[in-house]
Amino acid sequence: MRNVARLKAGYYPLPQREAERLKSFLIFSGQETAVLDPCAGTGAALHLITDREKVIRHGIELDAYRADESRNILHHVIHGNAFDVQSAV
């Protein structure tokens, strides 16, 4: 990893425009649905994509500061590596 990427801890947030584009491809059932972002960052992208939908937002974030920030807008956040997390169904 290059030095700049190391400083950012590999963090490259999804641009808002791209999140809006992704949202246009999704159709939610109207029933409560669980969604997961394995690289949640601050939670902004997942929140934007699922805004006004009946969802429970789950996120996993490697960086402690960003995990704390994402807890403000996501329902459940795990501070850890997505490749190491295990969860019951």
Under a point spin-label approximation (7 Å from Cα along Cα-to-Cβ), what is the Asn72-Lys54 distance to one decimal in nm? 2.9 nm
For Ser24 the rounded accessible area (nearest 10 Å², probe 1.4 Å, non-protein molecules ignored) is 90 Å²
Considering only protein heavy atoms, what is the solvent-accessible area of His76 at a probe of 1.4 Å, reported in Å² to the nearest 10? 100 Å²
Evaluated over the chain, the Cα radius of gyration and Dmax, each in Å: 13.6, 44
Carbon/sulfur fraction of accessible area - the chain, other protein chains in place, 1.4 Å, %: 54 percent
Quick check: residue separation of Tyr65 and Phe83 times 0.36 nm, minus the Cα distance between them. What number comes out in nm? 4.6 nm
Rounded to the nearest 500, what is the 222 nm mean residue ellipticity of the chain from helices alone, with -39500 (n - 2.57) per DSSP H run of 4+ residues and division by all residues? -8000 deg cm²/dmol
For the range 6-58, listing trypsin sites (Lys or Arg not before Pro) in a DSSP loop whose Cβ sees at most 16 other Cβ atoms within 10 Å gives Lys8, Arg52, Lys54
What number comes out for accessible area per residue over the chain if the probe is 1.4 Å? Units Å², please. 76 Å²
Helix 16-25 versus the longest principal axis of the chain: what angle, 0 to 90°, nearest 10, using Cα atoms? 40 degrees
With Cβ to Cβ distances under 11 Å as the rule, what net charge do the other residues near Gly59 carry (K, R +1; D, E -1)? 0
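The values are calculated or read from the model by the stated rules, or taken from the named source; none is laboratory data. None of these values were measured; they are calculated from a predicted model. Note: ideal-geometry Cβ built from the backbone for every residue, glycine included; neighbour counts use all protein chains shown. Ligands, DNA and RNA are stripped out before the accessible areas are found, and what is left, the full protein with its side chains, is counted by its heavy atoms. Shrake-Rupley method; radii C 1.70, N 1.55, O 1.52, S 1.80 Å.
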